[in-house]
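What follows is one structure encoded as structure tokens, with my remarks underneath.
The values are calculated or read from the model by the stated rules, or taken from the named source; none is laboratory data. Fair warning: this is a prediction, and the values are worked out from it, not measured in the lab. Backbone-built Cβ (ideal geometry, glycine too); neighbour counts: all protein chains shown. All accessible areas refer to the heavy atoms of the entire protein, side chains included, with ligands and DNA or RNA removed. Shrake-Rupley method; radii C 1.70, N 1.55, O 1.52, S 1.80 Å.
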Amino acid sequence: MNPQAKLIFTISLLLGTTITISSNHWIMAWAGLEINTLAILPMISKSHHPRAIEAATKYFLTQATASALVLFSSMTNAWYTGQWDITQLTHPTSCLILTSAIAMKLGLVPFHFWFPEVLQGSPLITGLLLSTMMKFPPITLLFMTSPSLNSNLLTCMALLSTALGGWMGLNQTQIRKILAFSSISHLGWMAIIITYNPKLTLLNFYLYALMTATVFLALNSIKVSKLSTLMTTWTKIPPLSATLLLALLSLAGLPPLTGFLPKWLIIQELTKQNMAAAATTISLLSLLSLFFYLRLAYCATITLPPHTTNHTKQWHTNKPISTLIAILTTTSTMLLPISPLLSSIM
């Protein structure tokens with residue numbers, strides 16, 4: 001891709017995200033979402049492969065439908081209440097339509113159908129943007145409208161997302177699809193707590209984005225997209241494989257790594273809200289996704305011989321990228337000692 005075009009698309013992504021998260025008017029928020037959609041499409045389809053074109057088409061159709069629903073829900077609310085303010089979403093029909101639209105943009109069950117295929121057809125760096133940056137504006141809209149949302153509907157969608165994300169990821173061999181179902185499972189944890197403690201949802205998203213960035217950058221550095229290729233990386237790049245192991249275990253939510261922190265706080269908050277049954281259910285369902293995280297971690301540390309003879313020269317990552325991966329890994333795996341402080345703040 002032309003560097004000038006890449007710069008324009010990157011600036012457009014930042015602009016669209018900034019417009020959405022800083023706006024109080026529904027039209028401005030909708031415009032920011034549309035700018036984001038149009039900016040990410042060339043990044044998905046830049047390889048001109050049929051799978052990439054298919055992924056870009058699926059992404060465009062899904063996001064356009066979700067954006068139309070956002071606009072329709074805001075117009076319905078304005079028709080009945082006379083308010084275009086995002087925080088003044090009070091009409092029940094508008095709340096239901098907006099919840100469906102945001103769920104479609106995020107990839108929550110039952111609107112998850114597009115996300116694994118789009119992520120599979122995208123490059124790893126674009127997949128990182130789809131899994132983190134592109135989810136920030138919809139989650140911000142959920143955060144701002146959280147007092148008006150239907151908690152029972154979100155709880156059902158959250159439990160289904162956690163169950164399906166863990167179940168569908170069990171038999172996958174493509175790493176990008178595994179990470180897509182991992183994202184769906186993590187979205188379930190964010191959705192179940194959004195109406196009770198929105199700050200916990202943002203904390204969960206920030207830590208998830210940090211850990212996912214570590215995994216995607218490490219996979220991009222070693223050029224791995226399948227489990228069979230991941231099994232040969234330990235003999236080629238032991239330090240990066242160990243880094244990937246820690247990041248995957250943290251993403252799985254194993255104590256004492258950082259990924260356990262948001263789950264711990266969410267379970268604690270659900271128990272305070274007399275939702276011990278929901279907390280127990282989502283904790284048990286998350287054990288499904290724990291299996292494929294452990295399988296990924298095992299494949300990252302297994303010592304199969306590589307398929308090429310020049311395996312000692314496979315890693316040609318430049319120093320800034322390797323330094324960034326090291327910083328992200330350290331941050332995403334060593335934050336748990338501050339958990340009591342965060343727990344008291346939340």
> What FRET efficiency do you get for Thr65 and Ala242 if R0 is 56 Å and r is their Cβ-Cβ distance, rounded to the nearest 0.05?
Replying inline: 0.85
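Quote to one decimal, in nm, the extra length available between Gln273 and Ser151 on full extension: 0.36 nm per residue of separation minus the C-alpha distance between them. Please report the intermediate quantities before stating the final value.
Numbers: separation 122, 0.36 × 122 = 43.92 nm, distance 1.18 nm.
Result: 42.7 nm gained on full extension.
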> What does a probe at Tyr298 reach in region 151-177, counting residues whose amide N is under 15 Å from the point 7 Å along Cα→Cβ?
Replying inline: 170-173
>> Less than 17 Å from a label point 7 Å out along the Cα-to-Cβ axis of Leu15: which backbone N atoms in region 32-71 qualify, by residue?
In response: 32-43
> Okay, which of region 244-276 sit inside 18 Å, backbone N to the point 7 Å along the Cα-Cβ direction of Lys199?
Replying inline: 261-273
>> For a quick size check, give me the Cα extents of the chain along its three principal axes, largest first, whole Å.
In response: 69, 48, 33
> So, in nm, how far is label Gln4 from label Phe136 when the simple model puts each one 7 Å beyond its Cα toward the Cβ?
Replying inline: 2.7
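Count the lysine pairs in region 116-269 whose Cα atoms lie under 22 Å apart, taking only pairs 8 or more positions apart in sequence or on different chains. Write down the numbers at each step before the final one.
Details: Lys135/Lys177; Lys135/Lys199; Lys135/Lys263; Lys177/Lys223; Lys177/Lys226; Lys199/Lys263; Lys223/Lys236; Lys226/Lys236.
Lysine pair count for region 116-269: 8.
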> How long is the gain from Thr280 to Leu254 if the chain were fully straight, where each residue apart is worth 0.36 nm and the alpha carbon distance is subtracted?
Replying inline: 7.7 nm
> Among the lysines, which fall within straight-line cross-link reach of Lys46, defined as a Cα-Cα distance under 16 Å, with same-chain neighbours fewer than 8 residues apart omitted?
Replying inline: Lys6, Lys58
>> Please compute the per residue accessible area over region 1-108 with all protein chains in place, 1.4 Å probe, rounded to a whole number of Å².
In response: 48
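Give, in whole angstrom and from largest to smallest, the semi-axes √(5λ) of the equivalent ellipsoid of region 236-297, with λ running over the eigenvalues of the Cα gyration tensor. Display every interim value, and only then the final one.
Values: eigenvalues 164, 30, 4 Å².
One finds semi-axes of 29, 12, 5 Å for region 236-297.
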>> With every protein chain kept in place and ligands, DNA and RNA left out, what is the accessible area per residue of region 137-185? Probe 1.4 Å, answer in Å².
In response: 33
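Could you sort Ile21, Ile282 by accessible area so the largest value comes first, with the probe set to 1.4 Å? Please report the intermediate quantities before stating the final value.
Working: Ile21 65, Ile282 0 Å².
Largest accessible area first, the residues go Ile21, Ile282.
Could you check how much of the accessible area of the chain is carbon and sulfur, as a whole percent, using a 1.4 Å probe?
Details: 10200 of 14840 Å².
Carbon and sulfur atoms account for 69 percent of the accessible area of the chain.
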>> Can you compute the helix-only [θ] at 222 nm over the chain? Use -39500 (n - 2.57) per DSSP H run of at least 4 residues, normalise by all residues, nearest 500 deg cm²/dmol.
In response: -24000 deg cm²/dmol
> In terms of the ratio Rg/(2.2 N^0.38 Å) built on C-alpha atoms, what value belongs to region 156-228?
Replying inline: 1.21
